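One structure below.
The values are calculated or read from the model by the stated rules, or taken from the named source; none is laboratory data. Since this is a predicted model, take the numbers as computed values, not measurements. Note that we place each Cβ from the backbone using ideal geometry, even for glycine, and neighbour counts take in every protein chain shown. Surface areas here come from the heavy atoms of the whole protein model, side chains and all, with no ligands, DNA or RNA. Shrake-Rupley method; radii C 1.70, N 1.55, O 1.52, S 1.80 Å.
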Amino acid sequence: MEPNGEVPYITYPIPDPEKLRRGIHWVGEDRVRDRALLEADVWSGTIVCGVRGTAPYLWWDREALRNAVPVARFGNLLAFRGSFPARPMKAAFLYYQAVDYIYTSQPNLREAQRLLSESAALDPRAFFVAIELGNVDVQLGDRNAAVTAYSLAMQYAFREQDRRLLAEQIARVSSESGEPVQPLRNPEIE
């Protein structure tokens, strides 16, 4: 592989500060500039990911990459070129973008709500996305939307303890007492 001026999509787990330190540029480095590319239904160009990123997943499964032939391999790093359905990668991007909007000194819960709703629609199996959506809905005072989100999370949660916590949260949110409801601890975000 030779540099050709193209900025790649990098889904390999390298922290952004490390990419910057190494002088690596990537689609998403400037989230405002690259938003349309990251939210597209098809990613075209070069995609770099780890071998584990092509394994079957319970959510955000990258089947298209698993079935493609990489143009290069460097240890456990794979490079693909072409056009690939981006639903799983887009769902992940939307989720992580929403988390950035929630867990900051100046949260933007409405934008987080929009991003989480879209992510959950793309792949509802990622139950923790629906938990975050329910938490945002609770903070925004929309109890009906919170019940819907928590119910979706409960449908896809695979651990009994998570389903029990979600059922308890749905009961609290559905209560007519008018008592404030705290967001639910998201087991997948810790």
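Here segment 134-188 is treated as a sphere whose radius is the Kirkwood value from Cα pairs; by Stokes-Einstein at 37 °C and 0.692 mPa s it diffuses with a coefficient of 297 µm²/s. Protein heavy-atom surface of the chain, 1.4 angstrom probe: 53% of the accessible area is carbon and sulfur, with nucleic acids and ligands not counted. Take segment 1-95 with all the other protein chains still there, run a 1.4 Å probe, and you get 58 Å² of accessible area per residue. Sparsely packed loop sites in segment 71-116 (the chymotrypsin sites (Phe, Trp or Tyr not before Pro) outside DSSP H, G, I, E and B with at most 13 other Cβ atoms within 10 Å) comprise 103.
Rg/Rh for segment 13-63 (Cα atoms only, Rh after Kirkwood) is 0.99. Of interest is the spacing of the C-alpha centroids, which for segment 33-68 and segment 117-190 amounts to 27 Å. Taking the charge dipole of segment 50-101 about its Cα centre, with +1 at Lys and Arg Cβ atoms and -1 at Asp and Glu Cβ atoms, the residue from 55, 92, 69 reaching farthest to the positive side is 69.
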